[in-house]
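All remarks here apply to the structure that follows.
The values are calculated or read from the model by the stated rules, or taken from the named source; none is laboratory data. Just so we're clear, the structure is a prediction, and the values are computed from it rather than from any experiment. Here the Cβ is made from the backbone with ideal geometry for all residues, glycine too, and neighbour counts use every protein chain on show.
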Amino acid sequence: MKLHIAVIGCGEFAANFVPLFQAHPEVESVCVCDLIAEKAKVYSERFDVPVIPSFEDALDDENIDTVAIFTQRHLHGPMVVQALEAGKHVYSAVPMACTPEECGAIIEEVKRTGKTYMMGETCIYYPCSMYCKEAYERGDFGKFVYGESQYFHDLSHFPTDFKNDRPASAVPPFYYPTHSTAMLLYALGAHAVKVSAFGYRDTEENTPYAVGENPWDNEFSDEFSLMQLSNGGTARISECRRIGYKAPSSFISGFYGTEGAYQFNNAQHLYTKLTKAGVDLTDVSDRVNPYVMTEHKNDPDFKQKVANHTWQWNGFSPVQDAERERLPESFREMPNHNGHMASHQFLIDDFCTAAANGKLPRVNAWLAARFTIPGLIAHESVKRGGELLGIPDFGDPPSEE
Ligand SMILES: NC(=O)c1ccc[n+]([C@@H]2O[C@H](COP(=O)([O-])OP(=O)(O)OC[C@H]3O[C@@H](n4cnc5c(N)ncnc54)[C@H](O)[C@@H]3O)[C@@H](O)[C@H]2O)c1
C-alpha cells in the first residue's frame, strides 16, 4: 500500500527529505506540520504540500498512515511511542530516544502493532563504514580487535538558530551518539556490552554546556568512551562539540583485526594486510572517497578543501555503487537531492520500501536501540568519573519470517 506521510518538524533538516518522500514510488502523499505555523507555511510553499495543523491532528487523521519525525533531538522517544500507539509507521531522525526505557517502549510498540519503525542513521552509509563492512565480511581483517570512530561537530559550525536552541544544541554529546556508534557497530554486526567514559568540561565564555544552561545541567562538550563489544573487540568512540576541527566530521579512523587494518585521515584511506615480511599496504582512497573528491585529488588545495567539508555532501563514492542499483529511477534524476555523504536517498528508500511492503527496515528498532543506548550509558559513566557500566540490550531483531 502506498504511503501517506506527515512530516513533523519543518526545521533545517527535514527540507532535505520532503522532496525524496514526494519522489518515492511507494509514496502517495506528503503533508507537513510544525509547532510554529510560519515554518510549516514556508515548507508548504517551497514544496507545494498541504499543512496539517498539529502532530496530534496527524495522529487522528485516518488518511495518514505514516509520520516522519524531524523534531529536536531530545523529543523523539515519546513522540515515536505516541505515533506507533496511534497505528502509524514511523520514520525518526536520530537519535532513537533519551532513555533506555523509551527505546524499550518503542520496541514493544513495534512488536505489538507490527508497524514499521526506522531510525534514519545517515552514517551506516558513510563510505568509510561501508568499506569496513565490505572488507570485514570478506575476511580482509581476520577477527576484529579494535576500532575508533567519532562524530566531531564544533559548536562554531552549528547554524545560529540551532546554537540558540540550547535544549537541542547542549544535549549531552553522548545523548546524540548514533553517528559514531553506528559506523563501527553496523560494519561489525556487533553491539556494545560495557562502557567506561570521560568528558571534557567546557569553560568557554557563554557556553551552553554548564549547570543551569540546559535541561540536563550538562557541563560536557566532548565525551570519550571505551566500549567492550559482543565480539570480544574494543571500540574507542567519541562525540565532540568543542573541538578545533571540521571535516571529515563522522569517520572511522581505525579498524584493526588479527590479519589486517584500515586507517583514515583527511582523504587518505589505507588498508594493510599482515604478511610474513611485514605488511602489504594498499591505498584504497579512490574506492572510498566520493567520485567528485577523487576528480580533484591533484588540486594544490585538495587537503585544505577536504578539511573544510567541500565534497562530502551529495556525491556518491564507488563503495556505494552496489547499493545505488536499488534506488528508484526517480531518485536518479535528483542528484542534488541527497546529502550527508549521499546517504539521504538510501535512507528514504530503505524506509518507504520497508513500510509499504511490511518488511523490517535496515535500521529497525532493535538496531536503533543498539546504536543509541551505549551513548546514554556512556554519558552516565562520564558523570560518574569513568565508572565501568553494563549496557542494556534488547536483543536481535526478529528474522524476516
Ligand atoms: N545526519 C543526521 O542524521 C542529522 C543531521 C541533522 C539533524 N538531524 C536530526 O534531525 C532532527 C531535526 O533537526 P533540525 O536541525 O531540522 O532541527 P530544527 O530545530 O531546525 O527543527 C525542528 C523543528 O521541529 C519543530 N517541532 C518540535 N516539536 C514539534 C511538534 N510537537 N510538532 C510539530 N513540530 C514540532 C520545531 O518547531 C522545529 O521547527 C533532529 O532530531 C536532529 O537530531 C540528523
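Mind telling me which of the residues Thr282, Thr275 ends up being of a type in the set (S, T, N, Q) and touching a Phe, Trp or Tyr at 6+ places or on another chain (Cβ under 6 Å)?
Result: Thr282 is the single residue among Thr282, Thr275 that is of a type in the set (S, T, N, Q) and touching a Phe, Trp or Tyr at 6+ places or on another chain (Cβ under 6 Å).
Any idea which residue in the range 248-265 is surrounded by the most Cβ atoms within 10 Å (Cβ to Cβ), counting only those that are in contact with a helix residue (DSSP H, G or I) (Cβ under 8 Å, 6 or more places away or on another chain) and closer than 16 Å to Ser285 by Cα?
Here the residue is Phe255.
Quick check on this structure: which one of Thr66, Thr71 is closer than 23 Å to Ile106 by Cβ, within 22 Å of the chain's Cα centre (by Cα) and more than 13 Å from the ligand (Cβ to nearest atom)?
Checking each option against the conditions leaves just Thr66.
What number of residues in the range 1-13 are crowded, with 23+ Cβ neighbours inside 10 Å and near the ligand (Cβ under 8 Å from one of its atoms)?
3
Find the residue count for the range 14-34, including only residues that are under 15 Å from Ser330 (Cα atoms) and crowded, with 16+ Cβ neighbours inside 10 Å.
10
Give the number of residues within the range 335-360 that are away from the ligand (no atom under 14 Å from the Cβ) and surrounded by fewer than 24 Cβ atoms within 10 Å (Cβ to Cβ).
11
From (1) more than 9 Å from the ligand (Cβ to nearest atom); (2) without any contact (Cβ under 8 Å) to a residue 40 or more places away in the chain; (3) in contact with a strand residue (DSSP E or B) (Cβ under 6 Å, 6 or more places away or on another chain); (4) more than 25 Å from Leu327 (Cβ to Cβ), pick out the condition that doesn't hold for Ala40.
(1)
Among the residues of the range 22-33, is any assigned to a helix (DSSP H, G or I) and more than 15 Å from the ligand (Cβ to nearest atom)?
yes
May I ask you to list the residues in the range 300-328 that are among the acidic types (Asp, Glu) and touching a residue at least 24 places away in the same chain (Cβ under 8 Å)?
Glu323
Just wondering, is there one or more residues in the range 267-280 that are part of a strand (DSSP E or B), acidic (Asp, Glu) and either in contact with a helix residue (DSSP H, G or I) (Cβ under 6 Å, 6 or more places away or on another chain) or surrounded by fewer than 22 Cβ atoms within 10 Å (Cβ to Cβ) (or both)?
Yes: the range 267-280 contains one or more residues that are part of a strand (DSSP E or B), acidic (Asp, Glu) and either in contact with a helix residue (DSSP H, G or I) (Cβ under 6 Å, 6 or more places away or on another chain) or surrounded by fewer than 22 Cβ atoms within 10 Å (Cβ to Cβ) (or both).
Return yes or no: is Glu38 modelled with pLDDT of 95 or more, closer than 27 Å to Thr372 by Cβ and acidic (Asp, Glu)?
no
Quick grid of which residues meet (1) touching a Leu at 6+ places or on another chain (Cβ under 9 Å); (2) over 20 Å from Arg73 (Cβ atoms):
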residue: Leu3; (1), (2): no, yes
residue: Ala14; (1), (2): no, no
residue: Val27; (1), (2): yes, yes
residue: Ala37; (1), (2): no, yes
residue: Val49; (1), (2): no, yes
residue: Ser54; (1), (2): yes, yes
residue: Asp57; (1), (2): no, yes
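Are any residues in the range 238-261 assigned to a strand (DSSP E or B), in contact with a Leu (Cβ under 7 Å, 6 or more places away or on another chain) and within 24 Å of Phe371 (Cβ to Cβ), and if so, which ones?
Ile252
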